[in-house]
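The structure appears right after this line, and notes come after that.
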Amino acid sequence: MSENKRQKRKEEHIELALQSEHALTSDFDELTFIHRSLPEAAIQDIDLSTSIGPLELEFPLYINAMTGGSTKSEVINAALAKAANVAGIPMAVGSQHAGIRNAELANSYKIVRANNPNGLIFANVGADVPLEFARKAIDMLEADALQVHLNVPQELVMPEGERDFSGMLSKLEKLISKLSVPLIVKETGFGMSQETIEQLKGIGINYIDIGGRGGTNFVHIENERRSKKDFSYLKDWGHSAVISLLEAKSVSEGLTIMASGGIRNPLDAAKCLSLGANAAGIAGPFLKILHEFGTEGLIEELEEWKQHLQTIFLLLGVKSIHDLQKCPIVLVGKVKDWCEVRGIDILALARRTIQ
C-alpha cells in the first residue's frame with residue numbers, strides 16, 4: 001500500500017469512528033450490582049489504584065488505542081496525550097506501522113511522549129511484526145508497555161487487508177522474551193473466548209486486553225470503505241467485553257486481564273473490574289468528547305469518570321478493586337443464556353460476599 005493510501009485510510013477511520021453510534025442495548029445492561037443500604041465506608045476510604053504487571057496505576061482507566069500515522073491524527077494524539085497527562089491515566093496509541101515505515105509520520109506518535117513526558121504510554125503494533133519493528137515502536141515513544149493487536153475480522157473486510165494469519169502464535173512467543181517492557185495482547189473490538197485466552201496463556205502471555213464488541217466497530221468501518229458494502233452481515237461478529245470477561249474467568253489465574261470495548265460510562269467500567277479486569281480502556285467515547293469539547297472538555301470528562309468510579313465503589317461498600325471483585329453481581333438475559341450453554345458458573349458471582 002502506498003503511503004498516501006495509508007494516510008487516507010487513517011483519516012477515513014477517524015471520520016467513520018466519529019460518525020458511529022453505540023448500540024441502544026448492551027450486555028452491560030444485563031449485569032446488576034446488589035444495592036447496599038449500609039455501605040459502612042466513606043469516600044476518602046476508597047483506593048482506586050491498580051497495576052498492570054510492574055506498572056502502577058493510580059486509577060483503573062486508560063485511553064485505549066485510537067490513531068496515528070496522518071496529519072489529523074497527530075493533532076488528535078497531541079490533545080489526547082495532554083489530557084492523559086493532566087488526568088494521570090495511561091494512554092495507548094494506534095498502530096505504529098505507518099510511523100515505522102515512514103519517518104515523516106513518526107511524529108504523529110512521538111507527539112504523545114512530548115506532551116506526556118512522565119506518564120504511562122503503550123506502544124502498538126500488529127501481531128505479525130518482526131522483533132525489530134516491535135523495538136522501534138517502543139523506542140519511538142519511550143513506551144512503558146507494548147500492545148500487540150489482533151484484528152483478523154477487520155483485516156478480512158478491509159479491501160487491502162491481510163489474508164494470511166498463519167504462525168501468529170509462534171511470532172508472539174518469540175517477542176515475549178525479547179522485549180524490555182510488558183507485552184499486552186489486545187483484541188480490537190471482537191472479544192476473546194476461553195479458547196483464545198488458553199492459547200495465549202500457553203505461550204507465556206501474561207497481559208491480555210479482551211477488546212470486546214460494542215464500541216468502535218471495525219467491520220462496519222472497513223465495510224463502509226468497500227464499494228459494494230457487502231460484509232454488512234458481519235457487523236455483529238465477535239463477543240462483548242462482558243462475555244469475554246466471563247469466558248476468561250476459568251482460565252485467567254496468573255494473568256492480568258484488561259477490559260475494553262463498548263464501555264459507555266463509569267458503571268460499565270466498574271462492572272468490568274468486578275468481573276476480573278485490572279483496568280478499563282475507553283477509546284471512542286473519549287474521541288467524541290475531544291472532537292466536540294476540546295482538550296479541556298476531555299480533561300473534565302476524565303476527572304468525572306474518576307470521581308464517579310469512587311461514587312460507585314462507595315454505593316457498593318467496597319474500598320478497593322480487590323473488594324469489588326468479591327461483590328455480588330447478577331446476570332440475566334442473553335448473558336445468562338450464554339453462560340449456561342458455555343458452563344460458566346454465574347451463581348457463584350451472584351453469591352459472592354464482601355468481608
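A few comments on the model shown:
- Residues located in the range 100-118, provided they are out of contact with any helix residue (DSSP H, G or I) (no Cβ under 9 Å at 6 or more places or on another chain) and under 28 Å from E58 (Cβ atoms): none
- Filtered residues of the range 176-187 (kept if open to solvent by 20 Å² or more (accessible area, probe 1.4 Å) and in contact (Cβ under 8 Å) with a residue 60 or more places away in the chain): E187
- I210 being at pLDDT below 95, closer than 21 Å to G281 by Cα and open to solvent by less than 20 Å² (accessible area, probe 1.4 Å): no
- Residue in the range 28-38 that is modelled with pLDDT of 95 or more, in a strand (DSSP E or B), loosely packed, with under 15 Cβ neighbours inside 10 Å and of a type in the set (V, I, T) present: yes
- Elements of the type helices (runs of 4 or more DSSP H) sitting completely within the range 199-287 and holding at least 1 residues that are within 15 Å of the chain's Cα centre (by Cα) and without any contact (Cβ under 8 Å) to a residue 40 or more places away in the chain: these cover 241-248, 266-274.
- Every condition in (1) touching a Pro at 6+ places or on another chain (Cβ under 9 Å); (2) touching a residue at least 24 places away in the same chain (Cβ under 8 Å); (3) open to solvent by 20 Å² or more (accessible area, probe 1.4 Å) is met by Q307 except one, and the failing one is (2).
- Flag if A84 is crowded, with 22+ Cβ neighbours inside 10 Å and either in contact with a Pro (Cβ under 8 Å, 6 or more places away or on another chain) or at positive phi (or both): yes
- Residue list for the range 188-201, restricted to those being surrounded by 12 or more Cβ atoms within 10 Å (Cβ to Cβ) and either closer than 18 Å to A92 by Cβ or not hydroxyl-bearing (S, T, Y) (or both): T188, G189, F190, G191, M192, Q194, I197, E198, Q199, L200, K201
- Residue, farthest from I346 (Cα to Cα), within the range 261-285, restricted to residues that are open to solvent by 10 Å² or more (accessible area, probe 1.4 Å) and among the hydrophobic types (A, V, I, L, M, F, W, C): A283
- Filtering the range 153-175 to residues that are in a helix (DSSP H, G or I) and either crowded, with 16+ Cβ neighbours inside 10 Å or among the aromatic types (F, W, Y) (or both) leaves P153, Q154, E155, L156, V157, M168, K171, L172, L175.
- Check on R101, farther than 26 Å from Q154 by Cα and more than 15 Å from the chain's Cα centre (by Cα): no
- Answer residue from the range 81-135, given it is in contact with a strand residue (DSSP E or B) (Cβ under 7 Å, 6 or more places away or on another chain) and assigned to a helix (DSSP H, G or I) and is farthest from L298 (Cα to Cα) among those: F133
- If you go through the range 39-77 and keep only what is part of a strand (DSSP E or B) and among the hydroxyl-bearing types (S, T, Y), you end up with T50, S51, Y62.
The values are calculated or read from the model by the stated rules, or taken from the named source; none is laboratory data. Everything quoted here is computed from the prediction, not taken from an experiment. Note that each Cβ is placed from the backbone with ideal geometry, even for glycine, and that neighbours are counted across all protein chains shown. What goes into the accessible areas is simple: the full protein's heavy atoms, side chains included, and nothing from ligands, DNA or RNA. Shrake-Rupley method; radii C 1.70, N 1.55, O 1.52, S 1.80 Å.
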